[in-house]
1. Can you tell me which residue within region 24-46, out of those that are buried (at least 16 other Cβ atoms within 10 Å of the Cβ) and in a strand (DSSP E or B), is nearest to the chain's Cα centre (by Cα)?
2. Across region 93-105, what is the total count of residues that are within 19 Å of Ile69 (Cβ to Cβ) and outside any strand (DSSP E or B)?
3. Taking interchain pairs and intrachain pairs at least six residues apart, which have beta carbon atoms under 6 angstrom, with the first residue in region 7-23 and polar (S, T, N, Q) and the second at pLDDT 95 or above?
4. Is there a residue in region 84-104 that is open to solvent by less than 40 Å² (accessible area, probe 1.4 Å), touching a helix residue (DSSP H, G or I) at 6+ places or on another chain (Cβ under 8 Å) and β-branched (Val, Ile, Thr)?
5. For region 47-81, enumerate the residues that are modelled with pLDDT of 95 or more, open to solvent by less than 50 Å² (accessible area, probe 1.4 Å) and assigned to a loop (DSSP other than H, G, I, E, B).
6. In region 64-118, how many residues are over 15 Å from the mean Cα position of the chain (by Cα) and among the aliphatic types (A, V, I, L, M)?
7. Tell me, which residue of region 9-21 that is open to solvent by less than 70 Å² (accessible area, probe 1.4 Å) and under 11 Å from the mean Cα position of the chain (by Cα) is nearest to Ser100 (Cα to Cα)?
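The values are calculated or read from the model by the stated rules, or taken from the named source; none is laboratory data. The structure displayed is predicted, hence computed values, not measured ones. A quick note on method: Cβ atoms are made from the backbone with ideal geometry, for glycine too, and the neighbour counts reach across all protein chains shown. With ligands, DNA and RNA removed, areas are computed over all heavy atoms of the protein, side chains included. Shrake-Rupley method; radii C 1.70, N 1.55, O 1.52, S 1.80 Å.
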Amino acid sequence: VQLQASGGGLVQAGGSLRLSCAASGRTFSNYDLAWFRQAPGKEREIVATISWSGHSTYYEDSVKGRFTISTDSAKYTMYLQMNSLKPEDTAVYYCAARHSSGLTYDIWGQGTLVTVSS
């Protein structure tokens, strides 16, 4: 699986963006997927995850109720809908995948920059 992230940009606080992560080379079957982010001067943190079936999701506390992770298996694409954006959401966002039997995310897309202005 190869991942290609897109959709970042500059948005005002309170606005919305939708990130996309397109997979090539294989479908999402048996792969768990995730979005991570890394803000300037901070360590990379997990934002949201979704199981390969799409039935199980996880959200980091600070994004609960504002972000939604989803997949479109027909398009081999994962999304992160981000609403009510805050300046502290500013970061480079990365999509990642791991085999459902694996422990770590070992397939990474390139980052896409999200900048939220106050």
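1. Filtering region 24-46 down to residues buried (at least 16 other Cβ atoms within 10 Å of the Cβ) leaves 28, 31-37.
The next check asks that each one be in a strand (DSSP E or B); those that pass are 31-37.
Values: Tyr31: 14, Asp32: 12, Leu33: 8, Ala34: 5, Trp35: 3, Phe36: 6, Arg37: 8 Å.
Per the criteria, the residue is Trp35.
2. Summing the residues that are within 19 Å of Ile69 (Cβ to Cβ) and outside any strand (DSSP E or B) in region 93-105 gives 4.
3. Taking only residues 6 or more apart or on different chains, the pairs are Gln12/Ser117; Ser16/Asn83; Ser20/Ser6; Ser20/Gly7; Ser20/Tyr79.
4. Within region 84-104, the first condition is being open to solvent by less than 40 Å² (accessible area, probe 1.4 Å), and the residues that meet it are 85, 89-91, 93, 95-97, 102.
Still in the list and also touching a helix residue (DSSP H, G or I) at 6+ places or on another chain (Cβ under 8 Å): 89.
Restricting the remaining residues to those that are β-branched (Val, Ile, Thr) gives none.
Looking for residues that are open to solvent by less than 40 Å² (accessible area, probe 1.4 Å), touching a helix residue (DSSP H, G or I) at 6+ places or on another chain (Cβ under 8 Å) and β-branched (Val, Ile, Thr), one finds none in region 84-104, hence no.
5. Scanning region 47-81 gives Glu60, Arg66.
6. Going through region 64-118 one residue at a time, the tally reaches 3.
7. Filtering region 9-21 for residues that are open to solvent by less than 70 Å² (accessible area, probe 1.4 Å) and under 11 Å from the mean Cα position of the chain (by Cα), the one nearest to Ser100 (Cα to Cα) comes out as Cys21.
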